[in-house]
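Below is one structure, written out as C-alpha cells; the observations come after it.
Read-outs throughout are calculated quantities, based only on the coordinates presented, and are distinct from any laboratory measurement. Given the structure is predicted, the values throughout are model-derived calculations rather than measurements. Counting neighbours? That spans all protein chains shown, and the Cβs are built from the backbone with ideal geometry, glycine included.
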Amino acid sequence: MSELKEFRIGDFPVLAEQRYERRPLSRGYNMRTLKVDVGSRGVEEKPVPEDMKKRFVGGKGFGLKLLWDGTKPSTQWSDPENEIVIAMGPVCGNTNYPGSGKSLVVSLSPMTGIPIDSNVGGYFGPYLKFAGFDALELTGKADRETIVLVDGNEGVVRVLGVPEGLEYDTHLLAEQLTRSLALSPDPADLQAVAVVSAGRGADHSPMGLLNFSLYDKRRGGIRVKQAGRGGIGTVLRDKRIRAVVARYRGVEQDSNGAADPAAVQRIGLKLHREIVKNDDRQCKMRKQGTAHLMEVMNDYDLLPTKNHKYGQDPKGPEIASWVWEKLLTQGKPDGCWFGCTLACAHAVDQFELQTGPYKGQKVCVDGPEYETAAGCGPNLYVYDTHGILEINFYCDTYGIDTISFGTMCSFLMECWELGVLNAERTDGIDLSWGNWQGAAQVLHDMADGKRFGVLAGKGVKYLAEHFAKEYGADAQLMRDIALHGKGLEQSEYISKESLAQQGGYYLTNKGPQHDEAWLIFMDMVNNRIPSFEQKAEALHYFPMFRTWFGLQGLCKLPWNDIEPADNARHPEPNKVPEHVQNYRELYTAITGEGLSPEELILQSERVYNFQRLFNVRQGHGRRAEDRPPYRAMGPVLPDEYLAREERYDKQLREKQGLDPAAMSLEEKLGATRRYRLAQYESLIDAVFKRRGWTADGCPTPEHLREIGMDLPEVLAVAEARIAGKI
C-alpha cells in the first residue's frame, strides 16, 4: 500500500458537537435512536416508543419505520430528506452466538425508487449500539465534505470537516480514519474504531455500496464488509458524507444487557461445538466461505454463465471451492464480529494488482463471496481467479456493488457478442466474453467518471432502454436479457429452471436478491413443492423467516450453512428446526420475552407487509413490477434452448402434450415461452393469495389488522390503493 498522509484528531475541524448521557443497554435495547442532519448539522436523540418496539422489533423494522416517518410519498432518492438508516436488532452485538454482528441499512434506492435494505457485518453496528443507540438516521445534504463521529466512550456526537489530503477510496480512507481517530496506536484502540464509507465509484453510479470496516489485529490493517445492494453508497456520497465513524472500547460478554446471560452463553456454546464438529464435513465455511458453492452450482446447472444464458461450463472446476481454498489465507479466525466460530469472512493477502491506479501494489482482498465469484467470474465467462479477485477489490474500494456490476457487465458482454456494442461505442474497451481486463476498465472508468463508465454504471434497466433507443437494438430482446427486477440487478443463481426461485427473486419487495428465499433445491432438485399452493407456502415461510434475521441483527449462514448432524431426520429439514429453536431461545434469553414459532413469523410478517405498503406509498408495489425478464424464466435464444434441448423437449411432451419432433426450433421456443409465462402468472396468484394481498399485490386492510400492522397511516395507504386513488 502507498504511503498515506497522516492526520491527528485536531486536523478534523469540529462543525457541530452534541453530548449525550451514556447508559447501559437493557435486554438488547437502548430505547432511543440518533438522528444527524448533515445539512443543518443538527443532532437529535429520539425515544423508541413501546409500540414501535412491539410492531417493528429492531434492525430492518426500525430502519423502515424511521425512513417512512422521515420521508414523503413524493421523496426521491436524491432529495435531502431521504435518509440512510443504520439499525441493529436486540440480538445484535452479543458475542456468544455465532453470526450476531449484523447491521441493517435502509434508504430510498437510486436504482429502484423504493426502500432498499441491505445487511452487513463489521464492527460499526454493534459499536453504535453499545454507544447508546438502536439506530442512526442520516439526513440532509452537507455543504462540504463531512464526517460523522459517534464516540460511545466519551458520550459525544461530532460532525467534522474533512482535511485536505483525506482519501476517497475505501481501502485507503478507512485506514487513514482508523489511525487518525483512534485514541492511540495501541491495537485495542485501533480495533475500537469502525468506519462506514463508499468510494469514487459511488459518486458516478447508482449502484454504490457502503463498506463497514473492522480493524484486523492479526493482519495489522483494515478489513471491510459490504452493504452492497441498491445504491445506498450513492446516497451517502450524494449527501457529501465522506464517512461515518463509531468509536467504542470495552466490548464485554454481556454488553447487550441480556435478561439471562447464562442462557445466552449456553445456547451459543451449543452452536460453537456443532460448527467445530460438523463444518469440515458439510460446507467448509471456515476454510472456503461461501465460495464452497461454486462447483455445486456448476454441477446442478445453476451457475450463471454468459449473462445467465447457461448454468454450467466444462471450465467450472477452474474456479471450484478447492481452488479458492488454496488462495484464501488459512488459519486465521476470520469472523466479521467477535465470537463467530463460523468465521467465513476470508481474504486473499498480498494480492498484487495488475490494472488501475494501484497497479503493482499488494493489497488484501476481502472475499470473494460466492455472489462475487459467480457474477464476476463465469457470468462474464472469466475463469481466471486473478481477474475475479481484481474486480472484487476494485468494486469494494470504489464502492460498487459486485452483484450489480457482474450482472451489468455480463449484459454488456452479451450486447458486444450480439453486435449492439462495438469499440466505438465502448470508448475502445474490448468486452469480449472472458476479457476481465475489459471489465476492469469499465470499472475504472466508472470511478473516474468517464463517459462509457458512467453510462454502464446506470445499470441494466437503463442500458436496455438506451441501446434500443440509441443503437436500434431489438427492444424486446434487450428487455429479455437485462436481468433486473424493479431496477435492481438479479443476484447470481440461475432461476429459469425453478418456478419457485423465480418467485423467490421477483416476488420480493426490493428486487431480485437472494436473501429472501433460496428454493432451487427444494423445487428443482428434490421436487418437494410441486403444486402452486406448496410453492406459495414456501414463498410465505422462507421470506418471513429470513426477514427475522434482519430484525434481530443476525447472519443467516449459521442457520443453514451448518446443520446438526441428524437434521435430515426432521420432516422439514430445509427449515433446520433445531436451529429455529435455538433462535427462539436466544431471543428470549436476551429480551426476556417468550417467542413461539408463530410469533417469530408474525414479527416478520408485520414488517414485510409494511415494506410492501411503503412501496405502494411511493407509487410502486404493483403486480406488473413483480414480473421477471424472460431470461430469468426460460430460454430466450435458439442456442440457449439447444443447450438444454433434451430437457425442454421432454417438458413440451409431458407438460404441454406437444410433439417436439413435429415442431421447428422457433415453434418450440414460442411454446415454451407461453407456457412459462402462464405458469408464473399462476404462481403470482397463489403467492398473493397466501400473503393476504390483492391480485395487484397490495396488502388488504383486513390482513393488516389480522397481523397487527394496523397503524392508521398504513391502513390509509392500503385503502387508497384499493380504491384506485394511488
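General remarks:
- Theoretical FRET efficiency, 1/(1+(r/R0)^6), r = Cβ-Cβ of residue 76 and residue 44, R0 22 Å, to 0.05: 0.40
- With the charge dipole of segment 9-247 set up from +1 on Lys and Arg Cβ and -1 on Asp and Glu Cβ about the Cα centre, the Cα lying farthest toward the positive end among the listed residues 198, 174, 122 is that of 122.
- Cα lying deepest toward the dipole's positive end in segment 653-714, options 670, 695, 657, charges on Cβ: 657
- Sorted into 5 angstrom bins from 0, the C-alpha pair distances of segment 283-489 split as 1, 8, 16, 19, 19, 15, 11, 6, 3, 1, 0, 0 percent.
- A Förster radius of 45 Å, combined with the Cβ-Cβ distance separating residue 716 from residue 534, puts the computed FRET efficiency at roughly 0.80.
- Going from the fewest other Cβ atoms within 10 Å to the most, the residues 665, 711 appear in the order 665, 711.
- Summed over qualifying helices (DSSP H, 4 residues or more, each -39500 (n - 2.57)) and divided by its residue number, the chain shows a 222 nm mean residue ellipticity of -12000 deg cm²/dmol.
- Working from label points 7 Å from Cα in the Cα-to-Cβ sense, the residue 656 to residue 32 distance is 6.4 nm.
- Expressed as a whole percent, the proportion of Cα-Cα pairs in segment 182-292 lying more than 18 Å apart is 68%.
- Note on segment 9-247: the alpha carbon radius of gyration divided by the globular reference 2.2 N^0.38 Å gives 0.92.
- Extension gain, residue 219 to residue 437, is 75.6 nm, computed as 0.36 nm per intervening residue step minus the present C-alpha separation.
- For segment 283-489, the Cβ-based charge dipole about the Cα centre amounts to some 300 debye (Lys, Arg positive; Asp, Glu negative; other atoms uncharged).
- Were the residues from residue 276 through residue 240 laid out at 0.36 nm apart, the gain over their Cα-Cα distance would be 8.5 nm.
- Dipole magnitude (debye, nearest 20) for the chain, charges at Cβ of Lys, Arg, Asp, Glu: 1100 debye
- Remark: segment 9-247 carries a charge dipole of roughly 720 debye about the Cα centre, counting +1 on each Lys and Arg Cβ and -1 on each Asp and Glu Cβ.
- Between the residues 415, 498, 106, the greatest Cα displacement towards the positive end of the dipole of the chain, with unit charges on the Cβ of Lys, Arg, Asp and Glu, is found for 106.
- Structural descriptor for segment 283-489: relative contact order 16 percent, calculated from alpha carbon pairs under 8 angstrom and at least 6 residues apart.
- Potential lengthening between residue 9 and residue 144 on full extension [0.36 nm per residue; Cα-Cα distance subtracted]: 46.8 nm
- Taking 103, 40 and counting other C-beta atoms within 10 Å, the order from fewest to most: 40, 103
- Loop sites in segment 214-318: chymotrypsin sites (Phe, Trp or Tyr not before Pro), DSSP, at most 11 other Cβ within 10 Å: none
- Order of 60, 655 under a 10 Å beta carbon neighbour criterion, fewest first: 655, 60
- If you wrap segment 1-114 in the convex hull of its Cα atoms and look at it from every side, the mean projected area works out to 11.2 nm².
- Distance violations [Cα-Cα > 26 Å] among 461/496; 60/239; 326/359; 306/469: none
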